[in-house]
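The values are calculated or read from the model by the stated rules, or taken from the named source; none is laboratory data. Predicted model, so just to flag it, every value in this text is computed and none were measured. Note that we place each Cβ from the backbone using ideal geometry, even for glycine, and neighbour counts take in every protein chain shown.
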């Protein structure tokens with residue numbers, strides 16, 4: 001029998017992309033889709049949500065129903081629903097892939113507590129390319145040294161609520177870790193910003209149109225500049241990474257893993273999604 005994937009946040013942009021990716025993969029099956037009570041998608045057949053014919057499985061706010069036949073769970077929701085989802089996964093021993101960011105310290109602690117009972121992959125961005133970008137960011141920071149200023153510029157669609165993005169903060173965390181920690185940050189600049197603080201990491205955000213996601217890490221030194229850029233043109237790239245993470249989790253022992261683990265890269269502090277931001 002094909003592994004059955006339950007999708008939390010199935011009616012959202014990323015949840016919908018994961019749903020379409022699961023349906024396109026003949027080796028997988030959809031177990032169910034979780035939405036919040038009162039969501040317009042509640043009761044809608046998941047096939048219809050994906051622009052296909054009926055699957056006979058409807059989006060539901062009843063988590064027990066959604067998880068009943070699942071072998072794995074992929075989560076792209078909001079922090080408010082994560083505790084309920086964690087409890088459900090732990091109760092059933094289900095591996096979890098979560099891309100939900102914007103967690104407060106207590107919510108992150110709940111993820112870490114759950115990971116002592118089940119295997120969890122947690123990442124601010126499931127893209128394979130972004131995971132490699134984080135690796136390159138750390139290596140470039142170490143190689144270039146303190147003589148280069150670091151700026152992170154990110155762009156997303158006009159409906160995205162948070163800024164900087166969770167991915168931008170993850171890139172900043174990679175730079176910070178490579179510089180030994182305790183690096184000052186500057187978010188946006190205005191008439192009263194003053195001169196740039198030495199050693200600070202700067203963040204700039206663009207919100208326009210239907211931009212899926214773009215991130216550039218710019219290192220500027222005296223007489224030269226280095227730029228590392230990742231551009232996502234389709235959310236399917238994030239969904240593909242989430243499916244890869246779910247497949248990697250099968251048979252793994254309990255623990256909190258990141259996309260670097262999935263790709264076989266060394267662990268680093270940058271694996272943990274930064275708090276205070278919500279990806280969408």
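Taking residue 136 as the residue in question, decide whether it is under 30 Å from residue 197 (Cα atoms), at pLDDT 90 or above and surrounded by fewer than 23 Cβ atoms within 10 Å (Cβ to Cβ).
Here the answer is yes, as residue 136 does meet what is asked.
Only a single criterion out of (1) in a helix (DSSP H, G or I); (2) under 27 Å from residue 117 (Cα atoms) is not satisfied by residue 20, namely (2).
For the condition at negative phi, touching a helix residue (DSSP H, G or I) at 6+ places or on another chain (Cβ under 8 Å), assigned by TED's automatic domain parsing to the domain that holds residue 202 and assigned to a helix (DSSP H, G or I), residue 134 qualifies. Only one of the numbered conditions (1) farther than 21 Å from residue 102 by Cβ; (2) out of contact with any helix residue (DSSP H, G or I) (no Cβ under 6 Å at 6 or more places or on another chain); (3) touching a residue at least 40 places away in the same chain (Cβ under 8 Å) is violated by residue 118, and that is (2). Go through the residues of the stretch 144-165 one by one and say whether even a single one is over 22 Å from residue 85 (Cβ atoms), without any contact (Cβ under 8 Å) to a residue 24 or more places away in the chain and not assigned by TED's automatic domain parsing to the domain that holds residue 80. Scanning the stretch 144-165, I find at least one residue that is over 22 Å from residue 85 (Cβ atoms), without any contact (Cβ under 8 Å) to a residue 24 or more places away in the chain and not assigned by TED's automatic domain parsing to the domain that holds residue 80, so the answer is yes.
For the stretch 251-266, taking the residues that are touching a strand residue (DSSP E or B) at 6+ places or on another chain (Cβ under 7 Å) and over 14 Å from residue 128 (Cα atoms), the one that is surrounded by the fewest Cβ atoms within 10 Å (Cβ to Cβ) is identified as 253.
Being modelled with pLDDT of 95 or more and surrounded by 19 or more Cβ atoms within 10 Å (Cβ to Cβ) is the filter; apply it to the stretch 92-107 and report the residue that is nearest to the chain's Cα centre (by Cα). Here the residue is 98.
When both residues are 6+ apart or on different chains and their Cβ atoms are under 7 Å apart, which pairs have a first residue that lies in the stretch 13-26 and is on the phi < 0 side of the Ramachandran plot, and a second that is surrounded by fewer than 17 Cβ atoms within 10 Å (Cβ to Cβ)? Pairs found: 17/236; 21/236; 23/52. State whether one or more residues within the stretch 61-74 are touching a strand residue (DSSP E or B) at 6+ places or on another chain (Cβ under 6 Å), at pLDDT below 95, crowded, with 17+ Cβ neighbours inside 10 Å and within 15 Å of residue 12 (Cα to Cα). No, the conditions are met nowhere in the stretch 61-74. The set of residues in the stretch 230-243 being surrounded by 12 or more Cβ atoms within 10 Å (Cβ to Cβ) and without any contact (Cβ under 8 Å) to a residue 60 or more places away in the chain consists of 231 alone.
Does the stretch 143-159 hold any residues that are out of contact with any strand residue (DSSP E or B) (no Cβ under 6 Å at 6 or more places or on another chain) and outside any helix (DSSP H, G or I), and which are they?
Filtering the stretch 143-159 for residues out of contact with any strand residue (DSSP E or B) (no Cβ under 6 Å at 6 or more places or on another chain) gives 143, 145-146, 157, 159.
Of everything in the stretch 143-159, those that are out of contact with any strand residue (DSSP E or B) (no Cβ under 6 Å at 6 or more places or on another chain) and outside any helix (DSSP H, G or I) turn out to be 145, 146, 157, 159.
Every test in (1) surrounded by fewer than 18 Cβ atoms within 10 Å (Cβ to Cβ); (2) more than 27 Å from residue 160 (Cα to Cα) is passed by residue 189 save one, and that test is (2). From the list 256, 217, the one residue that fits, being part of a strand (DSSP E or B) and closer than 25 Å to residue 108 by Cα, is 256.
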